[in-house]
Amino acid sequence: MTTHRLEVRSRFHSYPVYIGRGLLANFGQHLKELRLGRRCAVISDSNVAPLYAEQAVSTLSQSGYQPSLIVVPAGEPSKTLSETGQICDAMIREGLDRHAFAVALGGGVIGDLAGFAAAIYYRGVPLIQIPTTVIAQCDSAIGGKTGVNTVHGKNLLGAFYPPHLVIADVDTLDSLPDREFNEGFAEVIKHGVIRDRDLLERLSGFQKEDLSAIVRRNLEIKAEIVAADEYERAGQRALLNFGHTIGHAVEQAAGYGRLLHGEAISLGMVAAARLSMEKAGLAQAEYDRILDLLKAFHLPTVLPANLSTEAIIESLARDKKFEEGNIRFVLTPRLGEAVLSEPGQVGWPDLRQAVENLR
Ligand SMILES: NC(=O)c1ccc[n+]([C@@H]2O[C@H](COP(=O)([O-])OP(=O)(O)OC[C@H]3O[C@@H](n4cnc5c(N)ncnc54)[C@H](O)[C@@H]3O)[C@@H](O)[C@H]2O)c1
Ligand SMILES: [Zn+2]
């Protein structure tokens, strides 16, 4: 089985991403070229640590590093400022100083949380991402967005903090429960919708053997977009928010942890696809295609009954993407392409209707 190497360009440094099987057991070798200090924290969650921490710790030790394992409770509710503080406190207690580095071993929650801790620890220590979910491998581990939620909204606190190395070991995806496995395909479908029709084609006949190639293609797509617009200023990177405006609001209104991130994004994409039909001329057949794909991965396309439109609208109103009250909504005119809406093109009544239509 071959290992692929991809280089992600960032303003501060480029970093390699290795994609393949069996990488976790010996990624220590890839650290040598980074000239890191000896001490490090392996930050993981209560589901992932029992499965994979031992392998990570042992390859680090064998490569001459001295790792300390820090485990946080699994799930979105851990993505908080207070958990970030506890991780940093644990690192201080372990005697890690500014020469240390951090290894984020887990899904998107650990990547965002441990990444943020690494960004602020002694004003920043090098970060290695070892993503273990489909979302994290196909999306969140690269691009440098780290951060946590507050009661006021998702990802409101954070930092751009690109990793120094990413190890995507596709074997780790084998232990994902079905719900968590499927969830990740929301972001994969998103990448296809905004950038790559062929990827959608490939997903239609999905087989587990295709995973490596799918992860690789998703990382290429994200890497291209991030290299073009790392800080989300030119509009390119904002296209990655397809389905996320309403999706984040749904995720927050449901209460973090009730709907998985990808499930909420699935709902957000249904709403965005319908708005795309109304505002950007997306063909009905292509809308249907998006819905069929989401359903094929058992992702939700209608809202849970007990979630009120009002609660979702309230969280939408707090979204940081609404610069000065201006709604910037990502639309897809045809599969494989995405655009940002013009000012005034999508308004509050449209958003309310889009949420209502999810029933
Ligand atoms: N930074 C970014 O660019 C970016 C992009 C997309 C999503 N995100 C964030 O990612 C998060 C969602 O990521 P996620 O879905 O990976 O969530 P997650 O990290 O909570 O993982 C989902 C569940 O799977 C478990 N798990 C992880 N790996 C496992 C494995 N290999 N085997 C068995 N169980 C495993 C976890 O413990 C958790 O219970 C959200 O917070 C979202 O905001 C960030
Ligand atoms: Zn997402």
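FYI, it's all coordinate maths here, none of it is from the lab. Keep in mind that this is a model prediction, so the values were computed, not measured. Backbone-built Cβ (ideal geometry, glycine too); neighbour counts: all protein chains shown.
Among 251, 356, what is the fewest-to-most ranking by other Cβ atoms within 10 Å?
Ranked by crowding around the Cβ, least crowded first: 356, 251.
Pop out the ³J(HN,Hα) list for region 96-107 in order, Karplus 6.51 cos²θ - 1.76 cosθ + 1.60 with θ = phi - 60°, rounded to Hz; leave Gly and Pro as x.
With the stated coefficients, region 96-107 comes to 7, 10, 6, 8, 7, 9, 10, 10, 9, 10, x, x Hz.
How would you rank 196, 174, 169, going from fewest to most other Cβ atoms within 10 Å of each one's own Cβ?
Exposure proxy ranking, most exposed first: 174, 196, 169.
Pop out the ³J(HN,Hα) list for region 306-314 in order, Karplus 6.51 cos²θ - 1.76 cosθ + 1.60 with θ = phi - 60°, rounded to Hz; leave Gly and Pro as x.
Values, residue by residue: 8, 9, 7, 4, 4, 4, 6, 4, 4 Hz.
What three numbers, in Å, describe the spread of the alpha carbons of region 107-217 along their principal axes, ordered from the longest?
If we take the Cα atoms of region 107-217, the spans are 47, 29, 26 Å.
What is the gain in length, in nm to one decimal, between residue 21 and residue 345 on full extension, counting 0.36 nm per residue of separation less the C-alpha to C-alpha distance?
My answer for the length gained is 112.1 nm.
What is the fewest-to-most order of 256, 18 by other Cβ atoms lying within 10 Å of their Cβ?
Listing 256, 18 from fewest to most nearby Cβ atoms yields 18, 256.
Starting at the first residue of region 353-359, write each ³J(HN,Hα) from the Karplus equation 6.51 cos²θ - 1.76 cosθ + 1.60 with θ = phi - 60°, in whole Hz, x for Gly and Pro.
5, 4, 5, 4, 5, 7, 9
Can you tell me what share of the DSSP beta bridges in the chain is antiparallel? A percent to the nearest 5 is fine.
Approximately 35 percent, going by the DSSP bridge assignments.
So in region 101-159, what percent of DSSP beta bridges are antiparallel if you round to the nearest 5?
If I count the DSSP bridges inside region 101-159, around 45 percent turn out antiparallel.
Treating the beta-carbon of each Lys and Arg as +1 and of each Asp and Glu as -1, no other charges, what is the dipole magnitude of the chain about its Cα centre, to the nearest 20 debye?
Using only the charged Cβ atoms, the result is roughly 720 debye.
What angle do you read, to the nearest 10 degrees and between 0 and 90, between the alpha-carbon axis of helix 261-280 and the longest principal axis of the chain?
For 261-280 against the chain, the angle is about 40 degrees.
Using a simple spin-label model with points 7 Å from Cα along the Cα→Cβ vector, what separation in nm is obtained for residue 123 and residue 198?
According to this spin-label approximation, the distance is 4.6 nm.
Sum -39500 (n - 2.57) across every DSSP H segment of at least 4 residues in the chain, then divide by the residue count to get the 222 nm mean residue ellipticity, nearest 500.
Only helices count here, giving -12000 deg cm²/dmol.
List the pairs from 154/222; 145/208; 222/295; 208/295; 32/79; 145/190 whose alpha-carbon separation is above 26 Å, in the order I gave them.
Flagged as over cut-off: 145/208; 32/79.
Order these peptides, 155-168, 198-211, by their mean beta-carbon neighbour count within 10 angstrom, highest first.
In descending order of packing, they fall as 155-168, 198-211.
Once both axes come from the Cα atoms, what is the angle between helix 211-228 and the longest principal axis of the chain, in degrees from 0 to 90, rounded to 10?
The angle comes out at about 80 degrees.
Treating the angle as unsigned and between 0 and 90°, give the value, to the nearest 10°, between the Cα long axis of helix 81-93 and the longest Cα principal axis of the chain.
10
Report the Cα centroid-to-centroid distance between region 271-342 and region 213-243 in angstrom, as an integer.
Region 271-342 and region 213-243 have Cα centres spaced 18 Å from each other.
Over region 1-122, what relative contact order in percent results from Cα pairs under 8 Å that are six or more residues apart?
This gives 26 percent for region 1-122.
In region 66-150, which trypsin sites (Lys or Arg not before Pro) fall in coil by DSSP and have 11 or fewer other Cβ atoms within 10 Å?
For trypsin sites (Lys or Arg not before Pro) across region 66-150 that sit outside H, G, I, E and B with at most 11 neighbouring Cβ atoms in 10 Å, the list reads 98.
Can you give the direction-averaged projected area of the convex hull of the alpha-carbon atoms in region 172-225, in nm²?
3.7
Taking a ≥ b ≥ c as the square roots of the eigenvalues of the Cα gyration tensor of the chain, is the shape rounded (a/c under 1.5), prolate (a/b larger than b/c) or oblate?
prolate
Using 0.36 nm per residue of separation minus the Cα-Cα distance, give me the extension gain between residue 7 and residue 310 in nm, one decimal.
Between residue 7 and residue 310, full extension yields an extra 104.7 nm.
Test of understanding: what is the full-extension gain from residue 159 to residue 359, defined as 0.36 nm times their sequence separation minus their Cα-Cα distance?
68.4 nm
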